[in-house]
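A short write-up of the structure that comes next.
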Amino acid sequence: METSVFLSHNHADKNFVRKLARDLEAHSIRYWLDEAEMKIGDSLIQKIREGIDSVDYFVIVLSPNSVNAPWVVNELDVAMNLQISGKPIKVLPILLKECEPPGFLIGKLYGDFQRENEYESSFKKLINSLGLVYNKSVLNSTRSTNNLGTAIEKASSINLPLLSKPFYRPFQYIGIPIQKAELETGGKANQAGNIIVETEDCRMLLEAEGNFISFIQIDLKATAPHYLNQGFDSETLLGSLSIGPTELDLERKQTHFHTYYDHKRKLKVSVSCPYDGSPLSIAFSAKYYGM
């Protein structure tokens, strides 16, 4: 059964939390992170309560930024009340920077992440606390100068938005039933079973084969108009979807078309300019993996 965690934090500690989330995912741990789950129109209180209620562990990142943040305190209250009412959720405090912890957490053992050069040993202890085996090779594979943080910074530098759910890491919808894809994306399938979700920033098409999603294409509207003879940085585009380049292997690179393989998920990932004047697109396919 998949282990899941809720990552409670203050936005000032976002860089650390993104790094932690990426390493948790590398260990096949599902995480709930606000920027990934929230979308325009959502009720903050309702979504947070649903998120906390859906996980096994509540990880709170403690720093001077978070202990005085009303939303973090509220999230901790929700988790503690669920625990008191009998829900099997465990609160795991992580100390990022020295601070005075909330009263609920006094006397608890903390994960100590205060020293950046000891991150790996601290992360190993956290993984063990989740009842899982630490895999150093998986962790190291996510370390590179071309990492997710760099890709996100590149996207931000050209005013390309960091997309949230349902556009966040969209490969997660490959292989799931159409009905579940409708629930996850908020879209409605047409007669062919295909789903289109569109905002002012992007358009996402989820194509079905049988009863399951087999292909996804996202058009990044802010990149239009683009032209076939015009080069682009595909890492920047992947960063807008919170996908780090080190997760993929670059197979081919042409002016208007870059091909990657995601060997972990067995996907072909294409970043391209489909035609002159179009926005740049990112496509995910299980069917054409290895082709």
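The values are calculated or read from the model by the stated rules, or taken from the named source; none is laboratory data. Predicted model, so just to flag it, every value in this text is computed and none were measured. All Cβ positions, even for glycine, are placed from backbone atoms using ideal geometry, and neighbour counts span all protein chains on display.
Observations
- The residue pairs whose first member lies in the range 112-131 and is at pLDDT 90 or above, whose second member is part of a helix (DSSP H, G or I) and of a type outside the set (D, E, K, R), and whose beta carbons are closer than 6 Å, counting only pairs six or more residues apart or on different chains, are ASP112/SER122; PHE113/SER122.
- Applying the criterion of at least 1 residues that are in contact with a His (Cβ under 7 Å, 6 or more places away or on another chain), on the phi < 0 side of the Ramachandran plot and surrounded by fewer than 16 Cβ atoms within 10 Å (Cβ to Cβ) to the strands (runs of 3 or more DSSP E) found wholly in the range 246-291 leaves 249-253.
Residue by residue, here is whether (1) closer than 20 Å to SER234 by Cα; (2) touching a residue at least 24 places away in the same chain (Cβ under 8 Å) holds:
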position: ALA155; (1), (2): yes, yes
position: LEU160; (1), (2): yes, yes
position: PRO170; (1), (2): yes, yes
position: TYR173; (1), (2): no, yes
position: PRO177; (1), (2): no, yes
position: ALA189; (1), (2): no, no
position: ALA192; (1), (2): no, no
position: MET204; (1), (2): yes, yes
position: ALA208; (1), (2): no, yes
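- Of the residues making up the range 63-99, those that are of a type in the set (A, V, I, L, M, F, W, C) and in a strand (DSSP E or B) are VAL91, LEU92, ILE94, LEU95.
- The condition (being assigned to a helix (DSSP H, G or I), within 27 Å of GLY244 (Cβ to Cβ) and over 16 Å from the mean Cα position of the chain (by Cα)) is satisfied by just one residue among ILE52, ILE60: ILE52.
- Qualifying residues in the range 91-108 (those that are in contact with a strand residue (DSSP E or B) (Cβ under 7 Å, 6 or more places away or on another chain) and at pLDDT below 85) - the one surrounded by the fewest Cβ atoms within 10 Å (Cβ to Cβ): LYS108
- Residue match in the range 82-90 (condition: over 22 Å from the mean Cα position of the chain (by Cα), surrounded by fewer than 22 Cβ atoms within 10 Å (Cβ to Cβ), farther than 25 Å from LYS125 by Cβ and modelled with pLDDT of 85 or more): no
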